[in-house]
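Engineer: Okay, handing you the structure first.
The values are calculated or read from the model by the stated rules, or taken from the named source; none is laboratory data. Please read all numbers here as calculations on a predicted model, not as lab measurements. For neighbour counting, all protein chains shown are included, and Cβ atoms are generated from backbone atoms with ideal geometry for every residue, glycine included. Surface accessibility is based on the protein's heavy atoms, side chains included, excluding ligands, DNA and RNA. Shrake-Rupley method; radii C 1.70, N 1.55, O 1.52, S 1.80 Å.
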Amino acid sequence: MGSKIMASDVKVEVIHKETISPSCPTPPHLKTTNSLSFFDQLVPPIYIPLLLFYPICNNGDDFEVHDINHRSLVAERSELLKTSLSEALTLFYPFAGSFQFNDPICCNDQGAVFLEAQVNRPISKIFDKPDLGMLGQLLPNDHTSHLLQVQANFFECGGLAIGVNMSHKVADASTLSKFINRWAAIALGLPRTIDVVPLVAFGAASSLFPPLDFLNSPPVPTPTRDMKFDIKERCTTRRFVFDGSKIAALKSEAASASVPNPTRVEVVSALIWKCAKEASRSNLGSVRPSSWCQTVNMRKVLAQTLADKDLLGNVVGLVAAKTEESSSEAHDHDLRSLVTILRKGIEEFKEKYRNGVRGEEFCQLFMENVNLIMKKDDTDSYSSTSWCRFPLYESNFGWGKPSWVFISSVGSKNSIVLLDARDGDGIEASLTFNEEDMSMFESNEELLEYASLNPSVICNPPQKNLL
């Protein structure tokens, strides 16, 4: 059907495409009741890219395929992925629907796009200092209205990479991780004791957080309409890995009377922020105001008031932390003070919303923070998303847990994505800065004391292959 030429003579060829429909039709009473919540209305109309890698042997070694019926293996795994995806779509039925701008999801069972691709190199070629541009070719790029797109990439060694593009309009990190794990559990044949949960959880968010009419009335500006990616500046994305032992040392360095026990995400975020500020100052020759905006799982913030902790869709907020605008104070922010600023922002946000949210007030704050992210002419603004503690590494489809999970930043300037390393202690960071800032950032000695720039993926000892 078509091939994608990548670096190092690696070629990805899409050999099959089909639409996967839910295994059972969506009941009539669920087809028209899935209004967007105001959280769904506020998120940008982008796709979330996710890659899960499954070597044929989880120590990362490549088998010679002479002893394996490669074609049979590919057919077996492809069929398992498709049939289990069909069953999963019955439970997560909005993912098989369609929508137009901020209208209710039309749960019409149009299905998900499923692409099958073959890669002419072993999976170890991908793991060797991964080429982030190359990884993008393993993701589906179907240019259709389907909310969910999947690409199963089969390597010549028998390894597999599952690429997923999910519309942010129907899922945040929590919802997507629940879907991936449920899809995997169905493929693995685990007992289906919780299948009723998604059917109930999808309708709950819009009932608790009803949509706001003014967000559907152009030309009123909203983050969804106005969030554009930087196309004038040349940006580059890099991957940094923070080992668990290095994070432990960083936490000791960052601890203070104000924050005696900083989290992994806090210290990694503070270090990235500090080094990014230094890179910007070096290139501009001056100190500018700086902000760090991070997404927050509102399910945890609202835990005391939410009867249902499994709300699906988008239930996210934005928290902004800012440094002082005077150049002398901004220049002196060290790791501890930045951790304190990050913690203060989170605590104030939790205190404000722990007893509930009012749509219009929350929307105003959300838009103010988005505008802060977009305001880059006179401010250094950074946008961070953490996928840490979401159990993506538990996604076992029948051939072991993934050896590597990768989520790239969405390509906009000053965007940061944090994700657990496979051991659960380390953190991988995908960062996008302009080329000048990245050049200074990636050579920062303090950063490189705690992080490695794009190391090769190291797999754990072999796990039993169940297929």
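Engineer: From the list Ala205, Ala187, Ala270, Ala276, which residue is at pLDDT below 95 and not in a loop (DSSP other than H, G, I, E, B)? Reasoning before the result, please.
Structural biologist: Numbers: Ala187 fails: at pLDDT below 95; Ala270 fails: at pLDDT below 95; Ala276 fails: at pLDDT below 95.
The unique qualifying residue is Ala205.
Engineer: Sort out which residues of region 242-287 are open to solvent by less than 10 Å² (accessible area, probe 1.4 Å), under 21 Å from Glu347 (Cα atoms) and not hydroxyl-bearing (Ser, Thr, Tyr), and write them in order of number.
Structural biologist: If the condition is that a residue be open to solvent by less than 10 Å² (accessible area, probe 1.4 Å), under 21 Å from Glu347 (Cα atoms) and not hydroxyl-bearing (Ser, Thr, Tyr), then Ala254, Val259, Pro262, Val267, Val268, Ala270, Leu271, Ile272, Trp273 are the ones that fit.
Engineer: Also, I was wondering about something else. For residues that are in contact with a strand residue (DSSP E or B) (Cβ under 7 Å, 6 or more places away or on another chain) and over 28 Å from Pro211 (Cβ atoms), tally how many sit in region 136-155. Write out each step before concluding.
Structural biologist: Just the residues of region 136-155 that are in contact with a strand residue (DSSP E or B) (Cβ under 7 Å, 6 or more places away or on another chain), to begin with: 137-140, 142, 144-155.
If we keep only those that are over 28 Å from Pro211 (Cβ atoms) too, we end up with 137-140, 150-155.
Within region 136-155, residues that are in contact with a strand residue (DSSP E or B) (Cβ under 7 Å, 6 or more places away or on another chain) and over 28 Å from Pro211 (Cβ atoms) number 10.
Each row is one residue, and each column tells you yes or no for (1) of a type in the set (Phe, Trp, Tyr); (2) open to solvent by 30 Å² or more (accessible area, probe 1.4 Å); (3) outside any loop (DSSP other than H, G, I, E, B).
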{"site": "Gly136", "(1), (2), (3)": "no, yes, yes"}
{"site": "Asp142", "(1), (2), (3)": "no, no, no"}
{"site": "Ala161", "(1), (2), (3)": "no, no, yes"}
{"site": "Val164", "(1), (2), (3)": "no, no, yes"}
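Engineer: Hey, another quick one. Consider region 218-236. How many of its residues are modelled with pLDDT of 60 or more and either in a loop (DSSP other than H, G, I, E, B) or touching a strand residue (DSSP E or B) at 6+ places or on another chain (Cβ under 6 Å) (or both)?
Structural biologist: Total meeting the criteria: 3.
Engineer: Also, I was wondering about something else. Select from region 15-47 the residues that are open to solvent by less than 40 Å² (accessible area, probe 1.4 Å) and either at pLDDT 95 or above or in contact with an Asp or Glu (Cβ under 7 Å, 6 or more places away or on another chain) (or both) and write down the one among them that is nearest to Gln118 (Cα to Cα).
Structural biologist: Ranking the candidates gives Ile20 first.
Engineer: On to the next question. So how many residues does region 418-433 have that are over 13 Å from Leu132 (Cβ atoms), open to solvent by less than 10 Å² (accessible area, probe 1.4 Å) and not hydrophobic (A, V, I, L, M, F, W, C)?
Structural biologist: Matching residues across region 418-433 total 1.
Engineer: Out of Arg182, Arg192, Arg239, I need the residue that is of a type in the set (D, E, K, R), at pLDDT 90 or above and not in a helix (DSSP H, G or I). Which one?
Structural biologist: Result: Arg239 is the single residue among Arg182, Arg192, Arg239 that is of a type in the set (D, E, K, R), at pLDDT 90 or above and not in a helix (DSSP H, G or I).
Table: residues versus (1) within 17 Å of Gly244 (Cα to Cα); (2) touching a residue at least 60 places away in the same chain (Cβ under 8 Å); (3) of a type in the set (Lys, Arg); (4) surrounded by fewer than 22 Cβ atoms within 10 Å (Cβ to Cβ).
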| residue | (1), (2), (3), (4) |
| --- | --- |
| Asp380 | no, yes, no, no |
| Cys388 | yes, yes, no, yes |
| Phe397 | no, yes, no, no |
| Lys401 | no, yes, yes, yes |
| Ile416 | no, yes, no, no |
| Glu435 | no, yes, no, yes |
